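Asker: My structure is below; once you've seen it, I'll send some questions.
Every read-out reported here was derived from the displayed coordinates using simple, explicitly stated rules and does not represent laboratory data. Since the structure is predicted, the reported quantities are computational estimates derived from the model, not experimental observations. Glycine also receives a Cβ, built like all others from the backbone with ideal geometry; neighbour counts cover every protein chain displayed.
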Amino acid sequence: MQKYEKLEKIGEGTYGTVFKGKNRETQEIVALKRVRLDDDDEGVPSSALREICLLKELRHVNIVRLSDVLHSEKKLTLVFEHCDQDLKKYFDSLNGEIDPDVVKRMLFHKNVLHRDLKPQNLLINKNGELKLADFGLARAFGIPVRYVDDQLKRIFKLLGTPTEETWPGMTSLPDYKPYPMYHPTTNFSQVVPKLNAKGRDLLQKLLVCNPANRISADEAMQHSYFTDLPAAVKNG
């Protein structure tokens, strides 16, 4: 760690702690992600290795850059480019008010498959560029089982509890269990009152339990909600 100066803590999670740091040689501001290595662990966690391997291969303007890896007996430190805030902090700073055009641009960014997308894993640098972060580690810990029922009930209260009639074959799926019957919300304008009609139409086509009836990613990108985007954004 002689190469990097630790400045302040900027985040903490199950895997360890993230610090703001500085490269002593170049003066570049970086993010230092320290992964705890427990005594009973056999070397570096496989989830950390997966993240390192993925990010060494992935080079994209919208994926946070891994620039260095430091490994000692008790500690693993991943050195990332520094981003000023995450999407949640950005939303909070706007008090719930965000320019619809900004939303469209963020939605239209080229994507990479990620199994733990949430505002805390979407970082924003000082230029307003969106950066996808946290590959591997978040997936290893996932969502605690106790929250699954709560999340499903929230989904079903909005979309209605799926049945064999609305989703044929659903009861034969692995880990299926019955849930209380909820009726779908009929007025999406009350759920997202600040979203325009085209946006609500796209949202309703995306939020469908039965995947056979759900709009595809390619179809979503062609939706009329995005028709007024500048050509540079669509082709970028």
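Asker: Note down the nm distance, to one decimal, between modelled labels 7 Å out along Cα→Cβ at residue 181 and at residue 214.
Answerer: 2.5 nm
Asker: I've got another one for you. Hey, rough spin-label estimate for residue 154 and residue 56, points 7 angstrom out along Cα→Cβ, what's it come to in nanometres?
Answerer: Each label point lies 7 Å from its Cα, and together they span 3.7 nm.
Asker: Now for a separate question. Round to the nearest 0.05 the FRET efficiency obtained for residue 26 and residue 93 when R0 = 35 Å and r is the Cβ-Cβ distance.
Answerer: On the way: r = 29 Å, r/R0 = 0.84.
After rounding to 0.05, the efficiency reads 0.75.
Asker: Quick check: the distance between the Cα centres of the stretch 152-220 and the stretch 20-94, to the nearest angstrom?
Answerer: Between the Cα centres of the stretch 152-220 and the stretch 20-94 lies a distance of 36 Å.
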